[in-house]
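The values are calculated or read from the model by the stated rules, or taken from the named source; none is laboratory data. Because the structure is predicted, anything quoted here is derived from the model rather than measured.
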Amino acid sequence: MVIARIDEMIDRRIDQIHLGGRQFWTRIDRELDRIANSKDVMTPEQEGRLIADLRRLSAKYRPLAIEGWAAITDNPPPEPARATQR
């Protein structure tokens, strides 16, 4: 009973979250265009933080992206790179 209720709550929450669709992609397109054509320049500190954030996000979500791409393309995911020992 409790698990069924939790499952229903999760399903309702997932239905409330909407990514994609015309409005989403229109906004992404507009914002990318605005940023690409902006005369503003990032400070070295801002650029460093952005690069660090991108690296953290990449490390965090790379396994998910690799598996997702493998599922979409029907190709097995590549073997994980082995760290070299010193």
Part of a helix (DSSP H, G or I) and of a type in the set (Gly, Ala, Ser): does that describe SER58? yes
State all residues of the range 1-47 that are at pLDDT below 85, assigned to a helix (DSSP H, G or I) and among the acidic types (Asp, Glu); if no residue qualifies, say none. ASP7, GLU8, ASP11, ASP15
